[in-house]
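Comments concern the structure below.
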Amino acid sequence: MSNRKDSVCPVERSGSLDNRFRRWLQNPKKILSPYIKEGMMVLEVGCGPGFFTLDLAQMVGKSGRVVAADLQEGMLQKLREKIKGSEIEQRIILHKCEEDRIGVSGNFDFIFLFYMVHEVPDKKTFFDELSSLLKTNGQIYMVEPPFHVTKKDFEETIKKANLSGLTVVERPKLFPNKTAILKKN
Ligand SMILES: C[S@@+](CC[C@H](N)C(=O)[O-])C[C@H]1O[C@@H](n2cnc3c(N)ncnc32)[C@H](O)[C@@H]1O
């Protein structure tokens with residue numbers, strides 16, 4: 001992935017993605033509880049070191065599953081170490097993506113994309129694949145960061161999602177981020 005090193009968040013910066021200050025600012029349970037129910041099949045693409053993954057796994061309960069997917073083995077290793085021997089370990093399936101393909105199979109109730117879509121070069125192909133993995137009434141929750149993803153960039157991304165048959169049904173308030181809940185047409 002030599003030519004992509006500049007565009008993906010490096011493993012060395014994973015500490016900034018999981019700390020107490022962030023938990024206070026972006027409480028995973030608060031952000032996710034309106035959407036997650038017990039027994040759900042959840043796909044989290046770009047899970048990084050698992051800031052949201054552990055709470056997702058608690059929220060889906062014993063009968064649910066979370067597929068935590070990332071491009072970088074180093075990020076998955078951080079998550080693997082966090083869940084090792086815990087009650088939720090069995091609910092989390094770690095998956096290493098390819099550069100141009102998520103590469104999981106399944107039918108998901110909820111797909112979570114936090115601060116990752118701007119790192120994907122071919123967004124149309126990415127949304128096509130996500131659409132094929134989403135249940136008919138499933139939801140995709142996309143959150144993009146302020147500043148380096150402009151409003152214009154975000155709306156361009158939404159247009160690519162629209163081309164893959166995904167429509168915005170809600171814009172959750174998560175200031176100062178850009179958000180969208182997408183569903184299949
Ligand atoms: C800024 S980090 C965010 C991590 C996590 N979502 C969070 O909010 O803590 C972006 C993550 O997306 C991953 N990523 C980037 N492009 C990807 C792709 N095409 N498929 C899967 N993961 C990807 C990176 O490896 C990185 O771990």
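The values are calculated or read from the model by the stated rules, or taken from the named source; none is laboratory data. Quick caveat, the model's predicted, so the values are computed rather than measured. Counting neighbours? That spans all protein chains shown, and the Cβs are built from the backbone with ideal geometry, glycine included. Areas reflect the complete protein model, heavy atoms only, side chains present, ligands, DNA and RNA absent. Shrake-Rupley method; radii C 1.70, N 1.55, O 1.52, S 1.80 Å.
When residues of the range 61-96 are filtered for being open to solvent by less than 10 Å² (accessible area, probe 1.4 Å) and either within 12 Å of the ligand (Cβ to nearest atom) or within 18 Å of Leu113 (Cα to Cα) (or both), how many remain?
At the first step, the residues of the range 61-96 found to be open to solvent by less than 10 Å² (accessible area, probe 1.4 Å) are 61, 64, 66, 68-69, 75-76, 79, 83.
When the remaining residues are screened for being either within 12 Å of the ligand (Cβ to nearest atom) or within 18 Å of Leu113 (Cα to Cα) (or both), the result is 66, 68-69, 75-76, 79.
Adding up the residues that qualify gives 6.
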Open item on the list: Testing Asn107 on (1) open to solvent by 10 Å² or more (accessible area, probe 1.4 Å); (2) near the ligand (Cβ under 9 Å from one of its atoms), one condition comes back false. Which one is that?
Closed with: (2)
Task: Every residue from the range 32-60 that is open to solvent by less than 10 Å² (accessible area, probe 1.4 Å) and away from the ligand (no atom under 16 Å from the Cβ) - done: Val60
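For Phe114, state whether it is under 14 Å from the mean Cα position of the chain (by Cα), under 22 Å from Arg22 (Cβ atoms) and more than 9 Å from the ligand (Cβ to nearest atom). Walk me through how you get there before you give the answer.
On the way: under 14 Å from the mean Cα position of the chain (by Cα): yes; under 22 Å from Arg22 (Cβ atoms): yes; more than 9 Å from the ligand (Cβ to nearest atom): no.
So Phe114 fails the test.
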- [ ] Report the residue count in the range 117-140 for those that are within 11 Å of the ligand (Cβ to nearest atom) and either loosely packed, with under 15 Cβ neighbours inside 10 Å or of a type in the set (Ser, Thr, Tyr) (or both).
- [x] 4
Open item on the list: Any residue that is touching a residue at least 60 places away in the same chain (Cβ under 8 Å), surrounded by 14 or more Cβ atoms within 10 Å (Cβ to Cβ) and over 27 Å from Arg22 (Cβ atoms) - is there at least one of those in the range 171-184?
Closed with: no
- [ ] Could you run through the range 87-111 and say how many residues are touching a residue at least 24 places away in the same chain (Cβ under 8 Å) and closer than 26 Å to Asn19 by Cα?
- [x] 10
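What do you reckon, is Thr157 within 28 Å of Gly15 (Cα to Cα), in contact with a His (Cβ under 8 Å, 6 or more places away or on another chain) and at pLDDT 95 or above? Spell out the reasoning first.
Values: within 28 Å of Gly15 (Cα to Cα): yes; in contact with a His (Cβ under 8 Å, 6 or more places away or on another chain): yes; at pLDDT 95 or above: yes.
Yes; evaluated as a whole, the condition is true for this residue.
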TODO: Among what's in the range 145-156 and is under 20 Å from Val169 (Cα atoms) and more than 10 Å from the ligand (Cβ to nearest atom), pick the residue that is surrounded by the most Cβ atoms within 10 Å (Cβ to Cβ).
DONE: Phe154
